[in-house]
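Report on the structure given below.
The values are calculated or read from the model by the stated rules, or taken from the named source; none is laboratory data. Values in this document were obtained by computation on a predicted structure and should not be read as measured data. Cβ coordinates were reconstructed from backbone atoms using ideal geometry, including for glycine residues, and neighbour counts include every protein chain displayed.
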Amino acid sequence: MTSTAQRLAEIRGGKPPRRHNARTIAALTGNPGCDRRAVLDSAGADKPALAEQVGFPARFGQSRFAITRGNAFEAQVKADGGAELLRLVAERLGVDPGGPGTWTDLGADDRPGGPDQPDRAERSRAALAAAAPAARGRAHLPTGEAPTAEPQTGEAQTGDAPTSGEPAALFDHPLLSLDVAGRRVHLEPDLVAARLAGRFHVVEIKSFPVIDGQADPGKVAAAAVQSAVYVLALRELLAAEGHDPSLVSSDVVLVCPRDFANQPVASLVDVRKQLLVLRRQLDRMARVDDLLARVPANFTADPAADPDHLRRALSSVPARYAPDCLAACELAYFCRHEARAETTALGRPVREALGGVADVAEVLALAAGEHPGAPEQAEAAALLRAAARLRADALTGRPS
Amino acid sequence: MSTLRALAKAQALAAGVAQPVATVRHLHLSPRPLVLVPLTMAGEANAPLAVLVGDAPDAARLLIVAQPRNRDQRFAFAAELAGVVLPYLDSFRGGTEAVAVDRGRDVRHRYVDAPQLLVPNPAGITFLRLFGRSTRFRRVDGDYPVHPSVPLLGRWLTFFAERAEHPGSSALVALTEALTLHWATGQSAVEDLHLPAVLGWIDPPPGLDGARAAARAEDPSLCPPAGPATDPDFDNRVLAPAIAAYAGAGDDEAARRSAYAELERALRGQLAPTWDLMWRGLGLLAALPPGARVEDRWARDRDAFTAHAEHVDEGGGPQPRRDGAVAAAVRLHRLERALTSYAVQRAYDDPLVMAEHRLAGEAFVGDVTLADPGRVDDTGKRPVLRPRIQVVTTEPVAVPLGATLYSPARPGQKAKVVFVTPAADGKTEVVLELSGGMGRGLTAPPGTVPEVGERLCLTTLSDGFLPAGAFPAPEETPWTHGGPPAAAPVDPAPATAPAASGPAPADGDPAEEWG
Ligand code: SF4
């Protein structure tokens, strides 16, 4: 064990690191500037238990109705060896599936953490690499990762891609992995990797509806980040096997129920932007030593530690709370409480409108003209004074 | 976010209680609104689970769907809800008034009052919009007939949801939005979507400050969410067993009845606290005096209600799934105009809102120090009355020479900026030339020209008439604009999208599944 790995293990209290899935990795992109989260996630600390222990439990419960419905829809879409799924995906991509596809379930029976995981990872690797379009495909595809040069949606891939004679292949539940903070993290994605018309596409099945062509933008955005995680992992897998990573398209296929029915409908989502953000955050976490250098030597995030001690420890690593954290990070209530005297707790637009002044008491002091503020605050101070005077004027009913 | 509002938020946080950001009420409040608190089934596409509905605090009616995935029960629920909503709407179709149109050459009639629907939050509006979408195309005949009131309800709910997008409309209101229009809480915009937390800041219970009251309101075990999403814990621990018990009762009438009663009890327990909050919030708003232009905007809502009622009476069809290109552009243009006019009207009605514009350099307040009310300009073909006044202000004046300003006190009068001169003590002297709002003669009637000593607000904001844009008729639209607007985050396969104009076969398809 390297000293970094050892330090991370100590931070999480010697317990095995918390497993990542695409959702937790996707969440990493939410608040990339936050050291506190970066170090906890790098260590694989048990954040829900931590939040509970410091008295600010997270509320990320899931209704069993939602879970049941999600599973039922997924099973329906994947029925018959994915025949309907293949038809939908091919139609959406505007390509010829080239006859009935093959269906390989790479992880039907083993559960997360099961003993045969290494084997499963190996099976996934072998199966996907073998399915990668043959070398002749590489000649006319750009080499290296050049996401911005990706062909756009529905480009005539049928024309020059090596489709003929290669029927589509669908792989369910492939086990993928990514390096997160120097650690190989396995992903147990709910995805289907579809190879058709000479390329791989990530296919995600989601149970939120697309009604008259519109879906909940928040849910689409979340699905896009998750899919980007899969695209990245799949690309790395192919690259490691000597294939061109851009064989994996950055257009992912989202399959959702249409309108108010269970009829599935496929949509394309371009995740190039999400890939960039994700790459940047993973690179940042890869420099975990830089991060650890900023963390006090005795820092612990062991949920078994004394709550007071834990609270002090957490506070010793700078955070960057924003109201968005409430939907993305288990520590949000703790960090919100800590930031309660700061203007960021009110949201970034509020902080900006207050001239960027960080502290609520400072805002009020400047507004009241109690002191002129630091030289670089002169403009903000003048604005706040004017605002306070106008507010007081209007509230005391002076005619205007 | 204006700096003034942001400052109010900071003050709220420091004071532990919400701070006013309006001195008058900017929306119409009906003396008899229809309050709706809906709940949906998690994981489903807008499947109703329950609603508490009624037009008075003691008139709550609970409607539930015992098996939310059962389509017949859903439509039975829709019919039941129609049985509450439609008579409520009809009760406003009593008296009409004549309104002059076309410069008095014609009259039309509109209802003297109109219905008002209130839901807890913006997600409640989305629920009604989608519920309208899922019911308005239903057929009363064919393979899957529904009660005739179901498609009618769908059309009305769609009408209200569309109205709710219209800035300044009070036809369908999300209470959180109405409250935060008048008070700044010490929390962020996402947290302001939660009605119990907003009310916790505005009106904290005795012994708690706003922050504590809001934190308490976030704990679903103490305070159920205001819907339409349910608390997952409630789903797992209470609702799922209750639904299972009902389903398991089968044909055993007694067991069914008791399971149904248990479901009702559980759902009422989740809804009743929000119901009380709705009326409490309404009471707080009602205590504010209405703004001067609120009545006028409500007249637009009455116009819209009248027009839609006539459309329905004449057997008009359901609203299309999506607007065609021209309809979408016209609608967008109308919404933009309404947004501008609504912002100006609020500023004219409310010095605290005008203060935001003063801070932004779009308005200033000063004292009239000189006035020449009888000044006549005779350089043109015929002499015209052009009084001049001088206003002295301590505020920065960011308007160029020649600009036209307006004053909320005399909205029909224009004031052209003639001179802007810096004066002693950082003050500024502004000389203005007035036109309009003074009758037709060469002497201004008393009161039409500001007098020396009057305190005056002058602004670049104009509440005047904004010309409507010109749009081609649908048949003259080039094919490049013939498709549906591409605003969707998700673009479905073109093959599955119905044509934007003309009858889309899928729209009326009674077989369209629902769950
Ligand atoms: S909740 Fe706290 S730890 Fe998590 S991302 Fe936000 S600031 Fe960082």
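Before moving on, here are some points about what is shown:
- Enumerated helices (runs of 4 or more DSSP H) restricted to region A:1-101, each holding at least 3 residues that are more than 15 Å from the ligand (Cβ to nearest atom), of a type in the set (Gly, Ala, Ser) and within 14 Å of chain B (Cβ to nearest Cβ): A:64-93
Residues are listed down the side, and each one gets a yes or a no for (1) assigned by TED's automatic domain parsing to the domain that holds A:Asp289; (2) without any contact (Cβ under 8 Å) to a residue 40 or more places away in the chain; (3) within 30 Å of A:Pro16 (Cα to Cα); (4) of a type outside the set (A, V, I, L, M):
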{"position": "A:Pro174", "(1), (2), (3), (4)": "no, no, yes, yes"}
{"position": "A:His186", "(1), (2), (3), (4)": "no, no, yes, yes"}
{"position": "A:Gly198", "(1), (2), (3), (4)": "no, no, no, yes"}
{"position": "A:His201", "(1), (2), (3), (4)": "no, no, no, yes"}
{"position": "A:Ile211", "(1), (2), (3), (4)": "no, no, no, no"}
{"position": "A:Ala223", "(1), (2), (3), (4)": "no, no, yes, no"}
{"position": "A:Arg235", "(1), (2), (3), (4)": "no, no, yes, yes"}
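- Selected residue [of a type in the set (A, V, I, L, M, F, W, C), under 24 Å from A:Gly99 (Cβ atoms) and surrounded by fewer than 24 Cβ atoms within 10 Å (Cβ to Cβ)] from A:Leu234, A:Leu247: A:Leu247
- The single residue among B:Thr180, B:Thr176 that is among the β-branched types (Val, Ile, Thr), within 14 Å of chain A (Cβ to nearest Cβ) and either in contact with a helix residue (DSSP H, G or I) (Cβ under 7 Å, 6 or more places away or on another chain) or surrounded by fewer than 24 Cβ atoms within 10 Å (Cβ to Cβ) (or both) turns out to be B:Thr180.
- Subset of region A:309-351 that is closer than 19 Å to A:Glu362 by Cβ and of a type in the set (Val, Ile, Thr) - its residue that is nearest to the ligand (Cβ to nearest atom): A:Thr344
- So B:Ala338, is it farther than 30 Å from B:Gly95 by Cβ and outside the structural domain of B:His26 (by TED's automatic domain parsing): no
- Checked against (1) within 16 Å of the ligand (Cβ to nearest atom); (2) touching a strand residue (DSSP E or B) at 6+ places or on another chain (Cβ under 7 Å); (3) of a type outside the set (S, T, N, Q), A:Ala266 passes all but a single condition, namely (1).
- Residue list for region A:293-339, restricted to those being touching a residue at least 40 places away in the same chain (Cβ under 8 Å), closer than 13 Å to A:Cys34 by Cα and not in a loop (DSSP other than H, G, I, E, B): A:Leu314, A:Asp324, A:Cys325, A:Ala332, A:Cys335
- Among the residues of region B:199-212, the one identified as without any contact (Cβ under 8 Å) to a residue 24 or more places away in the chain and in contact with a Leu (Cβ under 8 Å, 6 or more places away or on another chain) is B:Gly200.
- From the options A:Val229, A:Val220, A:Val265, residue that is crowded, with 24+ Cβ neighbours inside 10 Å and not acidic (Asp, Glu): A:Val229
- B:Val294 being over 22 Å from the mean Cα position of the chain (by Cα) and under 21 Å from B:Pro115 (Cα atoms): no
- Residue under evaluation A:Gln274, criteria (1) within 14 Å of chain B (Cβ to nearest Cβ); (2) in contact with a helix residue (DSSP H, G or I) (Cβ under 9 Å, 6 or more places away or on another chain); (3) in a loop (DSSP other than H, G, I, E, B), criterion not met: (3)
- Every residue from region B:207-240 that is among the β-branched types (Val, Ile, Thr) and assigned to a helix (DSSP H, G or I): B:Val238
- B:Ala78 in contact (Cβ under 8 Å) with a residue 60 or more places away in the chain, surrounded by 23 or more Cβ atoms within 10 Å (Cβ to Cβ), at negative phi and assigned to a loop (DSSP other than H, G, I, E, B): no
- Top-ranked residue in region B:187-206 [being in a loop (DSSP other than H, G, I, E, B) and more than 9 Å from chain A (Cβ to nearest Cβ); ranked as farthest from A:Ala327 (Cα to Cα)]: B:Pro206
- When residues of region A:18-37 are limited to those that are surrounded by 23 or more Cβ atoms within 10 Å (Cβ to Cβ) and over 16 Å from A:His186 (Cα atoms), the one modelled with the lowest pLDDT: A:Arg37
- Residue that is surrounded by the most Cβ atoms within 10 Å (Cβ to Cβ), among those in region B:95-152 that are aromatic (Phe, Trp, Tyr) and within 13 Å of chain A (Cβ to nearest Cβ): B:Phe131
- Residue in region A:259-268 that is touching an Asp or Glu at 6+ places or on another chain (Cβ under 8 Å), at positive phi, within 14 Å of another protein chain (Cβ to nearest Cβ) and free of Cβ contacts under 8 Å to residues at least 60 places away in the same chain present: yes
- Matching option when the condition is over 29 Å from B:Ser169 (Cβ atoms), touching a Lys or Arg at 6+ places or on another chain (Cβ under 9 Å), of a type in the set (Val, Ile, Thr) and in contact (Cβ under 8 Å) with a residue 12 or more places away in the chain, among B:Val384, B:Val376, B:Val420, B:Val399: B:Val376
- Residue match in region A:358-378 (condition: away from chain B (no Cβ under 11 Å) and among the acidic types (Asp, Glu)): yes
- For region A:379-400, filtered to residues that are in a loop (DSSP other than H, G, I, E, B) and within 9 Å of another protein chain (Cβ to nearest Cβ), the residue that is surrounded by the most Cβ atoms within 10 Å (Cβ to Cβ) is A:Ser400.
- Matching residues in region A:340-349 - criterion: being surrounded by fewer than 24 Cβ atoms within 10 Å (Cβ to Cβ) and in a helix (DSSP H, G or I): A:Thr344, A:Arg348, A:Pro349
- Against the conditions (1) at pLDDT below 90; (2) acidic (Asp, Glu); (3) surrounded by fewer than 22 Cβ atoms within 10 Å (Cβ to Cβ), A:Asp41 satisfies every one except (3).
- Residue, surrounded by the most Cβ atoms within 10 Å (Cβ to Cβ), within region B:319-366, restricted to residues that are away from chain A (no Cβ under 13 Å) and of a type in the set (Ser, Thr, Tyr): B:Ser341
- A:Phe208 of a type in the set (A, V, I, L, M, F, W, C), outside any helix (DSSP H, G or I), at pLDDT 90 or above and more than 22 Å from A:Pro97 (Cα to Cα): yes
- Just one of the listed residues (A:Val225, A:Val229, A:Val202) is among the β-branched types (Val, Ile, Thr), in a strand (DSSP E or B) and either touching a Lys or Arg at 6+ places or on another chain (Cβ under 7 Å) or more than 10 Å from every other protein chain (Cβ to nearest Cβ) (or both), namely A:Val202.
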